[in-house]
Amino acid sequence: MDTANQLASVGTFQVLKLPLGFIRVLEWLFAIFAFATCGGYSGQLRVSVDCMEKASSNLSIGIDFAYPFRLHQVSFEAPACEAMRRERVFLIGDYSSSAEFFVTIAVFAFLYSLMATIVYIFFLNKYHENSRAPLIDFVVTVVFSFMWLVSSSAWAKALSDVKVATDPDEVQLLISACKSQTNKCGSVHGPRWSGLNTSVVFGFLNFVLWAGNIWFVFKETGWHKGASRFAGGTSEKQAGTFNQQPYNQGSFDQSGSYNAQGNLGQPSEYSQVGGPTSYSNQM
Ligand SMILES: *[C@@H]1O[C@H](CO)[C@@H](O)[C@H](O)[C@H]1NC(C)=O
């Protein structure tokens with residue numbers, strides 16, 4: 001049975017039921033959650049400055065900030081508690097590099113996994129005919145796994161710093177009127193963190209997805225086939241197969257050769273010798 005027949009009998013969209021395709025779909029869905037929750041974030045904290053001379057007090061000073069968290073550019077006006085004078089106060093810190101790195105990785109991971117899904121659905125034939133395609137897919141998957149781990153860790157660290165820098169109790173310390181015992185400063189409310197906490201969770205979930213998919217892409221490269229064929233060859237009198245070059249073959253050709261050797265009666269799901277072979281056979 002050749003590749004085209006297998007595909008025809010399986011049905012094009014069935015590839016999404018296989019681990020490789022299914023995880024790719026989860027990857028781009030989770031990437032959307034990661035960059036949308038981080039890149040779309042805006043938060044507000046609110047502090048009060050209660051001056052000894054009540055007239056100059058402001059009991060509700062709102063401070064807005066948003067992605068990409070260049071907090072040193074976020075400022076607000078606070079009463080100086082001296083004859084209605086006001087001072088401009090800036091928050092501290094610039095967390096844009098980690099935040100933008102995280103969102104950039106998420107956007108590119110989204111684009112790649114969406115593209116890969118489309119290729120698996122509509123161009124699976126070409127994907128397997130060209131032995132380079134699974135190889136590139138494998139390398140890109142390894143790189144993205146690593147990038148998800150690095151960017152999620154960096155973003156998790158930056159987020160914990162952002163939380164400190166925008167804590168109303170910390171922001172009060174920046175207001176000079178609050179340094180005087182005679183004035184009372186307080187926090188009205190802090191920012192909501194659920195969205196950004198979600199983005200970190202999805203960052204690490206994406207790392208797990210991509211790292212897990214390394215195995216399923218690896219099986220498509222043919223290296224794994226080459227190794228198992230080599231291992232099984234001596235015991236099963238398959239010396240002839242050593243002459244073939246597994247690296248140059250798509251996984252279909254090889255699973256086809258398993259068929260030819262009579263190892264399998266039926267090409268049905270997970271009925272074959274090894275789990276890996278059954279997977280690519282099915283595809
Ligand atoms: C208090 O500060 C806010 C800015 O957060 C400003 O809009 C408002 O006018 C101030 N109120 C007074 C009474 O100065």
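Restrict the search to region 141-194; then list the trypsin sites (Lys or Arg not before Pro) that DSSP places in a loop and that have at most 15 other Cβ atoms within 10 Å of their Cβ. List each step's numbers first, then the result.
Working: sites: Lys157, Lys163, Lys179, Lys184, Arg192; in loops: Arg192.
Those satisfying the criteria are Arg192.
Kindly give Rg over Rh for region 3-234, based on alpha-carbon atoms, with the Kirkwood expression for the hydrodynamic radius. Write out the running numbers ahead of the final one.
On the way: Rg = 25.9 Å, Rh = 20.8 Å.
Dividing the radius of gyration by the Kirkwood radius yields 1.24.
Using amide H atoms built 1.01 Å from N in the peptide plane, name the residues 5+ places from Arg86, or on other chains, whose amide H lies under 5 Å from its own.
Excluding prolines and chain starts, which carry no amide H, the hits are Ala80.
Which whole-number value in Å² is the accessible area per residue of region 3-234, probe 1.4 Å? Please report the intermediate quantities before stating the final value.
Working: 11080 Å² over 232 residues.
In whole numbers, region 3-234 has 48 Å² accessible per residue.
Skipping prolines and chain starts, which residues have an amide H placed within reach, meaning under 5 Å, of the one on Gly43, given they are 5 or more residues away or on another chain?
Here Phe65, Ala66 satisfy the definition.
Along the charge dipole of region 3-234, pointing to its positive end and built from +1/-1 on Cβ of Lys, Arg, Asp and Glu, which listed residue (Pro191, Ile63, Val49) has its Cα farthest out?
Value computed over the given set: Pro191.
Heads up, I need the accessible area for Cys51: 1.4 angstrom probe, whole protein in place, Å², nearest 10.
Here the accessible area works out near 0 Å².
The values are calculated or read from the model by the stated rules, or taken from the named source; none is laboratory data. Model, not experiment: these values are computed from the prediction. Don't worry about glycine lacking a Cβ; one is built from the backbone with ideal geometry, like all the others, and counts go over all protein chains shown. These accessible areas exclude ligands, DNA and RNA; they are computed on the full protein's heavy atoms, side chains included. Shrake-Rupley method; radii C 1.70, N 1.55, O 1.52, S 1.80 Å.
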